[in-house]
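The values are calculated or read from the model by the stated rules, or taken from the named source; none is laboratory data. The structure displayed is predicted, hence computed values, not measured ones. When we count neighbours, we look across all protein chains shown, and the Cβ atoms used for this are built from the backbone with ideal geometry, even at glycine. For the accessible areas, the whole protein counts, side chains as well, though only heavy atoms, and no ligand, DNA or RNA atoms are used. Shrake-Rupley method; radii C 1.70, N 1.55, O 1.52, S 1.80 Å.
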Amino acid sequence: MSASEFESVEASLSKYISPGDLDEVRRILYGKQTRKLDFPQSATDAAAERGFDLQGCVFEASSEQLRLPRIVRVGLIQNKIVLPTDAPVLDQIAALHKRVGEIVEVAAMCGVNIVCFQEAWSKSNPSLLMNYIPNIPKGHQSRKCHFLAKKYNMVVVSPILERDEIHGGTLWNTAVVVSNSGKVLGKTRKNHIPRVGDFNESTYYMEGNTGHRVFQTQFGKIAVNICYGRHHPLNWFMYSMNGAEIIFNPSATVGELSEPMWPIEARNAAIANHCFTCAINRVGTEHFKNEFTSGDGRKAHHEFGHFYGSSYVAAPDGSRSPGLSRIRDGLLIAELDLNLTRQIGDQWNFKMTGRYEMYGEELTKAVQNDFKPNIIKE
Ligand SMILES: NC(=O)NCCC(=O)O
């Protein structure tokens, strides 16, 4: 079976591990068992008709005497491109708007409060730039999101490519956060730009300059760590330092490059920073008419490899949701009790025991030209 046919680790575990062992295997691999989220029949039917994977789970927290539970439902959407990569750009965008719109509609039926799409959701893979980079907030992508946000009373996190007209047409890889009022709350730009495999993104857009913004929404404090930023523990950390309770990681990455890292990085960030993380990956194999190389000795080729989906949510207690399909579009809905962030923080105290002043001083020295590593020799 090829990588683009293998459905998911979870499906394989359920198929081959005896029911007696499965709970233990899941506990060890996935942490405390999450409860399955029940959906209205209309939502299950719509997902089946529209041909996407619908999964849901509940992360519970202990009840507290002085605070009410803070329940929020997040929706993670992964999708294939709809039209070929050489179809007219506006047709591609319209087809993706339609597809994502029908998935968001199911999210609304299931009471989702915050939805996040995959990186550069309204285009084929962002590493091969095409000739249409909309402006925000005027572009097609934003208008669609304002409409959805207002219609469904849902915060929409929309990762797009942005052209910054007031700064010489600079391109950025950006996530726009649209409030559930339908207004743009703000935008945040991808801090770390990959130069790995075929992801030659530094050719196309710049390292973000918006720092580690956190957005206060009606449903909690959220941040967006775009794709390659997930390999940088300090990037997650700074969003958390600014108070993020949920950090979304909209991504576009392929199996050969990163699949073994995928289940670890966002999950580790949730543990290390006492927050929830939502890792969303593009799905499918995208074919480009013009072949390309990355100067790494490989023959010129037409495809990046298989975008393996597998979107998931991780919690501060180390537990995680099942992953969505590796090969199909999907909607993962997780119900979070945000009280869990402080409860786990009070138990493990990573924030309290972090030696930030010491790291700060040492990092300040380490970035100087005359830095001498602190190595003791005999
Ligand atoms: N889109 C993107 O940043 N991809 C880089 C590859 C990776 O981070 O796995």
*Contour minus end-to-end for GLU105 and SER2, with contour as 0.36 nm per residue of separation and end-to-end as the Cα-Cα distance?*
33.9 nm
_Which residues does the label zone of ASP86 cover in the stretch 270-299, counting backbone N under 12 Å from a point 7 Å along Cα→Cβ?_
287-291
*If you take the charge dipole of the stretch 1-68 about its Cα centre, with +1 on Lys and Arg Cβ and -1 on Asp and Glu Cβ, which of SER42, VAL58, ILE17 is farthest toward its positive end?*
VAL58
*Over the Cα atoms of the chain, how large are the radius of gyration and the largest Cα-Cα distance (Dmax), in Å?*
20.7, 71
*Just list whichever of LYS98/LYS221; LYS150/LYS289; LYS36/LYS150; LYS187/LYS289; LYS32/LYS144 have alpha carbons separated by over 31 Å in the model shown.*
LYS150/LYS289; LYS187/LYS289; LYS32/LYS144
*asked:* How far apart, in nanometres, would the label points at ASP370 and GLU256 be if each is projected 7 angstrom from Cα along the Cα-to-Cβ direction?
replied: 4.7 nm
*Given a Förster distance of 25 angstrom, what is the FRET efficiency for LYS15 paired with LYS36, based on the Cβ-Cβ distance and rounded to 0.05?*
0.85
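What FRET efficiency would be calculated for the residue pair ARG27, GLU303, taking the C-beta separation as r and a Förster radius of 41 Å, to the nearest 0.05? Display every interim value, and only then the final one.
Numbers: r = 38 Å, r/R0 = 0.92.
E between ARG27 and GLU303, to the nearest 0.05, is 0.65.
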*Spin-label pair ARG67/LEU234, simplified geometry with 7 Å Cα→Cβ offset, distance in nm*: 2.9 nm
_Keeping all protein chains in place and using 1.4 angstrom, which order do LEU66, LEU90 fall into by accessible surface area, from largest down?_
LEU66, LEU90
*How big is the gap, in Å, between the Cα center of the stretch 1-74 and the Cα center of the stretch 249-327?*
18 Å
*Please get the size of the charge dipole for the chain, origin at its Cα centre, with Cβ charges of +1 on Lys and Arg and -1 on Asp and Glu, quoted in debye to the nearest 20.*
860 debye
_Average accessible area per residue (Å²) across the chain - probe 1.4 Å, nucleic acids and ligands excluded_ = 48 Å²
_As a test of the formula, what do you get for the chain when each DSSP H run with n ≥ 4 contributes -39,500 (n - 2.57) and the sum is divided by the residue count, at 222 nm and rounded to the nearest 500 deg cm²/dmol?_
-9000 deg cm²/dmol
*When the Karplus curve 6.51 cos²θ - 1.76 cosθ + 1.60 is applied with θ = phi - 60°, which whole-Hz ³J(HN,Hα) does each residue of the stretch 323-335 get, with x for Gly and Pro?*
x, 5, 4, 7, 10, 10, 4, x, 10, 10, 10, 10, 8
*Can you tell me how much longer the chain between ARG50 and LYS150 gets when fully stretched, taken as 0.36 nm per residue apart minus their C-alpha distance, in nm with one decimal?*
33.7 nm
*Between TRP348 and ASN242, take the C-beta separation as r, use R0 = 25 Å, and let me know the FRET efficiency to the nearest 0.05.*
0.80
*Please give every one of the lysines within straight-line cross-link reach of LYS372, meaning a C-alpha to C-alpha distance under 30 Å, and leave out same-chain neighbours fewer than 8 residues apart.*
LYS351
*Highest to lowest packing among 22-33, 229-240, 310-321, scored as the average C-beta count within 10 Å*: 310-321, 229-240, 22-33
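Can you tell me, using C-alpha contacts under 8 Å and at least 6 residues apart, the relative contact order of the chain as a whole percent? Walk me through the numbers on the way to the answer.
Working: 786 pairs, mean separation 80.9, N = 378.
Dividing the mean separation by the residue count of the chain yields 21 percent.
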